[in-house]
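Undergrad: My questions all concern the structure below.
The values are calculated or read from the model by the stated rules, or taken from the named source; none is laboratory data. Treat the numbers as computed from the prediction; the structure is a model and nothing was measured. Note that we place each Cβ from the backbone using ideal geometry, even for glycine, and neighbour counts take in every protein chain shown. For accessibility, only protein heavy atoms count, side chains too; no ligands or nucleic acids. Shrake-Rupley method; radii C 1.70, N 1.55, O 1.52, S 1.80 Å.
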Amino acid sequence: MSDVYAMGGEVVLALNVAAFPEDLPPDVAAEIIRGGADKVAEAGGVVAGGHTVWDEEPKYGLSVLGLVNPSRLLRKAALRPGDRLYLTKPLGTGVILSSTGSGRGDPAWLDSAIESMLRLNRHAAHLATGHRLRAATDITGFGLLGHLWEMVERSGVAATIDASALPLLPGAHESAAMDAHTGGEGRNRDWVGDNLTVAPGVDAELAAIAFDPQTSGGLLLACPARKSKALEAAFAADAEPLHPIGRVRRGDPHLTLR
């Protein structure tokens with residue numbers, strides 16, 4: 001559903017797509033399906049059916065249909081020099097899930113991560129389209145820097161991220177410090193490659209979290225400087241998190257983490 005919100009749309013219909021082991025307890029399968037239906041209902045959509053197959057490892061997702069006003073469409077390829085960059089959710093779900101899976105993480109870290117993952121990006125998208133923003137994406141498997149690189153490359157601009165300004169989930173930094181890294185982080189680093197410059201002195205754990213693959217991460221919004229104060233005020237008035245993390249600048253497509 002975040003893919004729909006990242007384009008400024010609304011969720012209309014969803015289909016369950018599930019792969020469950022034959023020996024999965026029926027009550028567990030029911031809770032998985034119920035959880036998805038609850039979130040679709042919260043989004044104002046309807047689950048219109050789905051498809052299930054047998055598989056040894058449980059998998060569950062949604063195929064989602066949304067609608068968007070073409071005049072308010074948020075695009076990846078619409079960054080402009082001078083835009084301010086904002087995140088609507090803190091980072092760190094990947095490393096926290098990794099540290100939890102290894103038995104080294106604090107259960108409270110996982111609780112905070114789950115709370116963040118459960119929060120829809122719906123109202124953040126409403127505020128973005130209400131202020132006529134033009135560029136956005138959602139932060140998921142490619143991590144912050146991977147998704148930002150996709151936007152920068154398509155828009156023909158450069159961007160600078162302030163590492164110290166990155167919002168982190170409780171336990172994210174500690175998990176990265178204990179080497180609770182993920183395979184996705186490494187693949188994201190390889191994909192961005194030499195298109196990123198990391199300034200001397202940037203905390204290694206923060207750099208790792210900037211590549212951390214997110215599950216149900218927030219929106220990355222680009223806002224023209226002249227609208228930034230109004231956008232910040234609107235998010236604050238509705239108690240919606242909004243974290244300034246960097247800027248877009250002129251230049252060949254490139255990322256700088258400083």
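Undergrad: If you check every pair at least six apart or on different chains, which have Cβ atoms under 9 Å apart with a residue in the stretch 27-49 that is over 14 Å from G61 (Cβ atoms) and of a type in the set (A, V, I, L, M, F, W, C) first and a residue that is in a helix (DSSP H, G or I) and open to solvent by 50 Å² or more (accessible area, probe 1.4 Å) second?
TA: A43/R122
Undergrad: I'm trying to understand the selection: among the residues of the stretch 155-166, which are more than 13 Å from V248 (Cα to Cα) and either in contact with a Cys (Cβ under 7 Å, 6 or more places away or on another chain) or surrounded by fewer than 19 Cβ atoms within 10 Å (Cβ to Cβ) (or both)?
TA: Those that are more than 13 Å from V248 (Cα to Cα) and either in contact with a Cys (Cβ under 7 Å, 6 or more places away or on another chain) or surrounded by fewer than 19 Cβ atoms within 10 Å (Cβ to Cβ) (or both): S164, A165.
Undergrad: Out of curiosity, is G49 loosely packed, with under 12 Cβ neighbours inside 10 Å, of a type in the set (G, A, S) and within 25 Å of F211 (Cβ to Cβ)?
TA: Judged against the criteria, G49 is not a match.
Undergrad: Name the residues in the stretch 167-184 that are of a type in the set (A, V, I, L, M) and either in contact (Cβ under 8 Å) with a residue 40 or more places away in the chain or open to solvent by less than 10 Å² (accessible area, probe 1.4 Å) (or both), would you?
TA: L168, L169, A172, A176, M178, A180
Undergrad: Can you work out which of the residues in the stretch 31-78 that are of a type in the set (V, I, T) and not in a loop (DSSP other than H, G, I, E, B) is farthest from H123 (Cα to Cα)?
TA: Step by step, filter the stretch 31-78, then rank; the result is V53.
Undergrad: Only one of these conditions is not met by A14: (1) of a type in the set (A, V, I, L, M, F, W, C); (2) open to solvent by 50 Å² or more (accessible area, probe 1.4 Å); (3) not in a helix (DSSP H, G or I). Which number is it?
TA: For A14, the exception is condition (2).
Undergrad: What number of residues in the stretch 214-242 are surrounded by fewer than 17 Cβ atoms within 10 Å (Cβ to Cβ), more than 13 Å from L144 (Cα to Cα) and under 14 Å from the mean Cα position of the chain (by Cα)?
TA: Result for the stretch 214-242: 1.
Undergrad: Check whether at least one residue in the stretch 21-30 is β-branched (V, I, T) and surrounded by 15 or more Cβ atoms within 10 Å (Cβ to Cβ), and report yes or no.
TA: Looking for residues that are β-branched (V, I, T) and surrounded by 15 or more Cβ atoms within 10 Å (Cβ to Cβ), one finds none in the stretch 21-30, hence no.
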